[in-house]
Amino acid sequence: MGNDLKQQEENLIDRTVIICLKSVSKYYRRSQETLRVLDHIDLDIYQGEILALLGPSGCGKTTLLRQIAGFDHRESGSLLMDGHEVVQPEVKRIMIFQDFNQLFPWKTVIQNVVYPLQVNRVGESDTANREIALEYLKLVELTGFEDSYPHQLSGGMKQKAAMARALALKPKVLLMDEPFGSLDALTRIALQNLLLKVWQETGVTIIFVTHDIQEAVILSDRIAVMGRETAGIKKVIPNLLDRPRVVGEAGYSEIYGHVYSLMDINPTK
Amino acid sequence: MKTKVILSIVVFLFFGLILAGCSAMGKGREEKLQIRIAEQYGLAYAPLQIIKEKKLIEKNLPDIQVTWRQLGNTAAIREAMLADELDVGFMAIPPFLIGWDKGMEWKIACGLSSSPVALVVNKESIKSIQDFTQEDRIALPQPGSVQHILLSLACEKIWGDPTRLDNLLVTLDHPDGMNALLARREVSAHFTTPPYLFKELENPGMRQILDGKEALGEEFTFIVGVTTAKLYQDQPEVYDAFLRALEEAVDFMENNPTETIKILAAAYQIEQEEVLKYLEHPDMAYSLEVKGVMKFADFMQKNDYIKRKPANIEEVIWDENDK
Amino acid sequence: MKMTNKTSSYQKIKTRLFWVIVILVLWEIVAQSGIFPAAIFPSLLVIARALENSIVSGEILLQTAFSLALILQGFLISLLAAILVSSLAAGNKMFNGLVDTLAAIAHPLPGIALLPLIIVWFGTGTTSILVIIVHSVIWPMILNIMTGFKAISPIYKEAGLNFGLNRFQIIKDILIPASLPYVLSGIRIGWARAWRALISAEMIFGAVGLKGGLGWYIFKQRVFMDTPGMFAGIFVIVLIGIIVEDYVFAAFEERTVKKWGMI
């Protein structure tokens with residue numbers, strides 16, 4: 001564990017850029033007015049880090065994540081991953097949505113994990129793919145639910161299965177769009193811990209969208225704060241607290257307060 | 001649960017009774033003098049157009065209310081007469097005999113017309129019904145129709161087997177049958193009557209290989225008027241007025257050809273010259289005389305189209321003894 | 001869970017049976033009352049005897065087999081064509097517009113209304129009946145499948161794209177299963193319409209040769225005034241309808257969308 005932590009810190013020092021955004025803009029045109037959702041965004045994402053995209057709803061954080069995923073067209077700017085322009089979704093960047101219904105309801109849990117493996121010919125045979133799937137279901141602690149259908153699972157279990165499905169493809173980057181936003185508080189904490197465990201074991205880069213300051217502080221290496229007014233990133237705050245992090249520990253409130261002050265929260269409103 | 005079940009049955013039965021009651025009531029209230037007549041489409045029904053136009057029934061019985069209905073086929077007329085929706089139906093002899101065989105209380109009141117009825121082919125290779133192959137299709141109105149029985153008669157004469165060509169039959173009403181024949185796809189023959197018969201023969205390559213008279217071996221009435229026992233026995237004055245009107249219509253057609261043609265052209269929406277041409281056809285005749293019933297009955301009974309046949313003509317034609 | 005399923009389907013059969021019996025009893029009461037002449041409203045016993053006769057002679061079985069073979073063909077052709085057309089329409093706006101317009105024109109048009117044209121183009125044989133069946137079935141199916149495609153949560157499609165699925169895989173493995181509840185209701189509507197179209201077409205076309213299907217059988221009994229025989233034919237139609245609805249469709253639903261929690 002201590003070794004992993006060192007590794008992470010070294011990675012941070014290394015600062016290998018895996019995704020590079022230059023002046024990325026995205027507008028929505030509605031009849032006469034043009035809504036600037038993203039206005040000339042510059043951002044580097046480092047290999048192996050957890051980057052939190054934090055902001056109030058409507059600030060464009062999901063739009064930014066979808067840009068990185070390659071789902072949406074952009075007005076201008078460049079978005080490079082490993083030196084290649086991102087033009088469409090790819091297996092090396094897998095998205096996990098907030099919606100519990102991202103698993104295919106007509107497939108069992110294991111079929112959900114195996115199917116993308118088959119499509120991408122990850123394992124050499126169906127048996128091999130099944131082995132891989134079982135391994136990742138074990139990683140997210142879903143052993144025993146392989147043959148359940150999604151509608152038989154709780155919300156937390158569905159999100160775990162979605163994580164297993166994504167990770168089994170060995171993506172370089174995991175894009176998470178408020179994946180725990182609809183969970184109850186206790187389940188959310190459990191899943192946050194699970195995510196950290198998985199991250200440490202796989203070394204995957206994670207971009208994590210959230211509007212929860214606490215979640216951002218607990219999980220991330222850096223926090224990119226976005227504002228509604230600015231249509232962009234206000235500030236990127238490094239978060240070098242030791243892991244495992246506990247709410248209220250030394251340094252926690254400092255970062256929390258820093259982020260809070262950037263969030264345009266006006267008590268009179 | 002139990003009470004619910006019982007309740008729903010009661011509701012169900014209640015609606016059933018209301019339905020039944022309604023239809024029974026509908027019958028009760030028709031006490032006024034009236035006659036309801038069904039015809040089909042074609043020149044064979046021409047005198048009926050005259051009766052309609054000249055209001056001949058009303059002339060003979062001023063208070064009567066006359067209702068005319070045009071139905072698509074004989075089966076519908078039969079069912080309507082069974083349900084007491086009609087008093088008089090016009091049809092060919094075989095469908096009448098089928099109803100009579102099944103115990104319908106009806107008899108022939110009069111003849112209406114004789115008409116050419118013939119089998120038209122669109123292939124050079126078919127010179128008689130013996131030339132049909134398994135690939136050929138013969139269109140006619142429906143099994144049990146006069147056309148079907150005539151074809152069966154012809155088959156019996158040649159092969160001793162009236163059903164010989166039954167597996168080539170295609171049931172189509174006259175307009176569809178004509179289209180199919182002219183399209184020259186699968187249908188290679190059509191057993192039909194005017195005006196379709198005449199129209200088909202105007203097309204190049206269409207030939208007539210069999211006609212009704214030849215098939216039956218004697219002249220016969222093509223369309224007869226059939227009335228229910230109820231009309232004949234309960235409303236003799238209506239029955240008489242109807243028959244007189246028919247006689248007058250036939251006379252009128254004989255004596256006033258110009259006006260007849262005008263009326264028919266309007267009724268059928270065809271050119272006057274065409275009407276004239278049709279009426280002048282030697283086989284087209286209008287008369288109240290009834291011919292050919294027993295011959296049809298013999299054949300149909302012998303070949304199981306009907307189970308019994310009339311011992312004499314009085315069994316199927318109204319006469320004084322029935323009153 | 002299995003238990004409750006079993007009991008509920010048992011319950012369903014019981015209710016179904018109960019009402020069938022009530023209707024039969026009501027029929028018999030009306031028949032015996034003599035409100036309608038026996039020649040148009042025969043009693044159950046007479047109908048049962050006619051049914052027995054036609055089964056013994058084999059005719060009704062032959063005609064039923066003929067009708068079923070035709071409807072299955074027409075149904076499969078329509079289902080495949082509807083899926084193909086809907087899939088193409090899902091991927092192309094222009095084509096979608098065309099299909100939408102065609103469906104708006106053709107959907108309300110009864111196949112029987114097109115009969116004169118169909119006879120001229122396709123003749124009077126089984127091909128024409130097939131054309132009428134396909135016409136009756138394909139439009140409601142296309143409309144349902146297209147609605148189903150539109151109702152699919154975009155997440156499924158995006159997840160599919162993310163996993164590197166090609167167009168064909170998206171349609172086959174995501175659009176179709178995800179819209180299965182709609183496809184199923186399209187199939188149900190289509191089946192009912194196919195039956196009606198088939199029976200009316202058979203009644204009008206009659207037999208090509210001796211085989212004309214159930215519709216033809218009923219029509220023939222009618223023209224020869226064999227009313228009990230006619231009702232025997234109608235009984236077979238009803239029976240097949242109930243079997244297909246209660247067993248085939250219900251079982252398929254049980255094994256798919258219900259098991260998947262999609263409805």
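What to note about this one:
- Computed over chain B with a Gaussian network model linking Cα atoms closer than 10 Å, the most mobile of B:A266, B:A180, B:A118 is B:A266.
- Prolate/oblate/rounded call for the stretch A:101-140, Cα gyration tensor, a/c under 1.5 rounded: oblate
- Charged side chains reduced to their Cβ positions (Lys and Arg at +1, Asp and Glu at -1) give the stretch B:118-216 a dipole of some 140 debye around its Cα centre.
- Signed unit charges on C-beta, dipole axis of the protein assembly as shown, positive-most listed residue C:P140, B:L86, A:L240: A:L240
- When the helices of chain B are scored as -39500 (n - 2.57) per DSSP H run of n ≥ 4 and the total is divided over every residue, the value at 222 nm lands at -14000 deg cm²/dmol.
- Quotient of Cα Rg and 2.2 N^0.38 Å for the stretch A:187-251, N being how many residues it contains: 1.18
- Convex hull volume per residue, computed on the Cα atoms of the stretch A:20-174, equals 141 Å³.
- Cβ-based net charge around C:A90, under 11 Å, with every Lys or Arg adding one and every Asp or Glu removing one: +4
- Proximal charge balance of B:F132 [Cβ under 12 Å; K/R count +1, D/E count -1]: 0
- Karplus-derived HN-Hα couplings along the stretch C:134-140 (A = 6.51, B = -1.76, C = 1.60, θ = phi - 60°), whole Hz, x at Gly and Pro: 4, 4, 5, 8, 5, 6, x
- Pairs exceeding 21 Å between alpha-carbon atoms, taken from A:K158/C:K157; A:K92/C:K150; B:K52/B:K295: A:K92/C:K150; B:K52/B:K295.
- Solvent-accessible area buried by pairing C with B, both sides, nearest 100 square angstrom, 1.4 angstrom probe: 3000 Å²
- Taken over the C-alpha atoms, chain C has Rg and Dmax values of 21.9, 72 angstrom.
- Note on chain A: Kirkwood hydrodynamic radius from all Cα pairs is 19.4 Å, rounded to one decimal.
- Most positive-pole-ward Cα, B:V117, A:V109, A:M176, against dipole of the protein assembly as shown from beta carbon charges: A:M176
- Of all DSSP-defined beta bridges confined to the stretch B:118-216, some 55% are antiparallel rather than parallel.
- Charge sum, other residues only, whose C-beta stays under 13 Å from A:R245's C-beta, Lys/Arg counted +1 and Asp/Glu -1: -4
- Computed over the protein assembly as shown, Cα set: Rg, Dmax in Å: 40.1, 124
- Amide H to amide H distances under 5 Å link A:S148 with A:V109, A:I110, where only residues 5 or more positions off or on other chains count and H is placed in the peptide plane.
- Per residue solvent-accessible surface (Å²) - the stretch A:25-70, probe of 1.4 Å: 42 Å²
- Rounded to the nearest Hz, the phi-derived 3J(HN,Hα) couplings of the stretch B:148-156 under the Karplus curve 6.51 cos²θ - 1.76 cosθ + 1.60 (θ = phi - 60°) are 5, 5, 5, 5, 5, 4, 4, 5, 4, where x marks glycine and proline.
- FRET efficiency for A:Q118 and A:Y27, using Cβ-Cβ distance with R0 set to 56 Å, rounded to 0.05: 0.90
- Residue (of B:Q130, B:F191, B:Q208) at the positive-pole extreme of the stretch B:118-216, dipole from beta-carbon charges: B:Q208
- Across the cross-link table entries A:K107/A:K138; B:K59/B:K102; B:K277/C:K211; A:K160/C:K12, which are compared at the Cα atoms, the separations over 30 Å belong to B:K59/B:K102; B:K277/C:K211; A:K160/C:K12.
- Here chain C is assigned +1 on the Cβ of each Lys and Arg and -1 on the Cβ of each Asp and Glu. Its dipole about the Cα centre then comes out at about 600 debye.
- In terms of its alpha-carbon gyration tensor, the stretch B:155-312 comes out oblate; a/c meets the 1.5 threshold, while b/c is at least as large as a/b.
- Carbon and sulfur %, accessible surface of chain B computed with the full protein complex present, 1.4 Å: 52 percent
- From largest to smallest, the equivalent ellipsoid semi-axes obtained for the stretch B:104-188 from the alpha-carbon gyration tensor read 25, 17, 12 Å.
- Computed over the stretch C:20-120, the ratio Rg/Rh where both radii use C-alpha atoms and Rh is Kirkwood: 1.21
- Accessible area per residue, Å², the stretch B:118-216 with all protein chains present, probe 1.4 Å: 36 Å²
- Dipole magnitude for the protein assembly as shown: about 2800 debye, using +1 per Lys or Arg Cβ and -1 per Asp or Glu Cβ, origin at the Cα centre.
- Listed by chain and number, the aspartates and glutamates whose C-alpha is less than 19 Å from the C-alpha of B:K157, apart from same-chain residues fewer than 8 away, are B:D131, B:D166, B:D211, B:E214, B:E218, B:E219, B:D298, B:D304.
The values are calculated or read from the model by the stated rules, or taken from the named source; none is laboratory data. Not measured: the values here are computed from a predicted model. Glycine gets a Cβ as well: all are built from the backbone with ideal geometry, and neighbour counts include every protein chain shown. Keep in mind that these areas ignore ligands, DNA and RNA; they rest on the heavy atoms of the full protein, side chains included. Shrake-Rupley method; radii C 1.70, N 1.55, O 1.52, S 1.80 Å.
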